[in-house]
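FYI, it's all coordinate maths here, none of it is from the lab. Computed from a prediction, not measured in an experiment: that's the story for all the values here. Reconstructed Cβ throughout: ideal geometry from the backbone, glycine too, with neighbour counts over all protein chains shown.
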Amino acid sequence: MITLENIVKTYGSGERAVTALDGIDLHVAAGTISGVIGLSGAGKSTLIRCVNLLERPTSGRVEVDGVELTRLDTAGLRAARHQIGMIFQHFNLLDSRTVYANVALPLELMKMSKAEIRERVLPLLELTGLASMAERHPAQLSGGQKQRVAIARALASRPKVLLCDEATSALDPHTTTSILALLREINQKLGLTILLITHEMEVVKTICDQVSLIEGGKLVETAEVGRFFTAP
Ligand code: ADP
Ligand code: ADP
């Protein structure tokens, strides 16, 4: 479902150049949950942002659901991004909008009718446990509730892939557990493929099928999660 081939990303140029990713190869099978774990500065955030081309790789190939994103023009990429939802550590919600309107936003941008939007948003609020909070504003929500809104918003365009950028790093352990359970439920109910980055071993152990370790911009090991945590 996701294939990264020999991804290199260099920031800046000349003497100041920083190679954040140094030849990344990664395959994430459809319907699975994959994690990339590593220390701060290892290149996790750059890697996940290269999947939907929020960050353009300096070289290499990115394919999602059979479409080679690295060959698309701006219009093609905009359309392809409907297949790729993303959530962030700090949620990135709009404070001026209600929960309902935050989830509806991507659909408004896709010019859907109000009736169609409603048909999509209400089930997503149910799924994420927010049905009774539709009229609240983000400022009135807990961190876990905010991340649920972000998840519902990310799912609004019915993507095949969900990218999670340190999605539980701002949450307490109890809330983290409930958000991870929700991600697992989404993976199973909707068949969504999930790629997440984290610096927390516990996250990977809890929900990932496959895990890759990143160090200095290179994936030094990729394995099934069971093998990864079992000494040889
Ligand atoms: P992680 O998410 O694992 O902490 P990052 O992908 O944020 O790692 O960073 C990897 C490397 O790239 C680090 O050396 C970082 O300083 C550098 N880097 C990240 N973003 C930028 C940027 N916009 N400009 C220059 N260097 C950057
Ligand atoms: P308007 O006031 O112009 O109808 P809104 O953004 O308030 O615009 O509503 C857009 C659509 O979404 C309407 O069909 C409305 O009924 C529906 N809607 C808005 N908020 C909710 C909600 N909390 N629960 C269900 N449907 C809602």
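Rundown of residues vs (1) within 16 Å of ligand 2 (Cβ to nearest atom); (2) assigned to a helix (DSSP H, G or I); (3) closer than 24 Å to Gly144 by Cβ; (4) under 21 Å from the mean Cα position of the chain (by Cα), yes/no style:
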{"site": "Thr70", "(1), (2), (3), (4)": "no, yes, no, yes"}
{"site": "Arg78", "(1), (2), (3), (4)": "no, yes, no, yes"}
{"site": "His82", "(1), (2), (3), (4)": "no, yes, no, yes"}
{"site": "Gly85", "(1), (2), (3), (4)": "no, no, yes, yes"}
{"site": "Asn92", "(1), (2), (3), (4)": "no, no, yes, yes"}
{"site": "Arg97", "(1), (2), (3), (4)": "yes, no, yes, no"}
{"site": "Ala104", "(1), (2), (3), (4)": "yes, yes, yes, yes"}
{"site": "Ala115", "(1), (2), (3), (4)": "yes, yes, no, no"}
{"site": "Arg120", "(1), (2), (3), (4)": "yes, yes, yes, yes"}
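For Gly129, the conditions (1) over 18 Å from the mean Cα position of the chain (by Cα); (2) surrounded by fewer than 16 Cβ atoms within 10 Å (Cβ to Cβ); (3) closer than 18 Å to Ile48 by Cβ are fulfilled apart from (3).
May I ask you to verify whether Val28 is away from ligand 1 (no atom under 16 Å from the Cβ) and surrounded by 15 or more Cβ atoms within 10 Å (Cβ to Cβ)?
Values: away from ligand 1 (no atom under 16 Å from the Cβ): yes; surrounded by 15 or more Cβ atoms within 10 Å (Cβ to Cβ): yes.
Yes; evaluated as a whole, the condition is true for this residue.
Residue count for the stretch 9-31, restricted to those that are touching a helix residue (DSSP H, G or I) at 6+ places or on another chain (Cβ under 8 Å) and part of a loop (DSSP other than H, G, I, E, B): 1. Count of the stretch 32-62 residues, restricted to those that are surrounded by 17 or more Cβ atoms within 10 Å (Cβ to Cβ) and either small (Gly, Ala, Ser) or assigned to a strand (DSSP E or B) (or both), is 11.
If you go through the stretch 82-119 and keep only what is closer than 24 Å to Gly191 by Cβ and touching a residue at least 60 places away in the same chain (Cβ under 8 Å), you end up with His82, Gln83, Ile84, Gly85, Met86, Ile87, Phe88.
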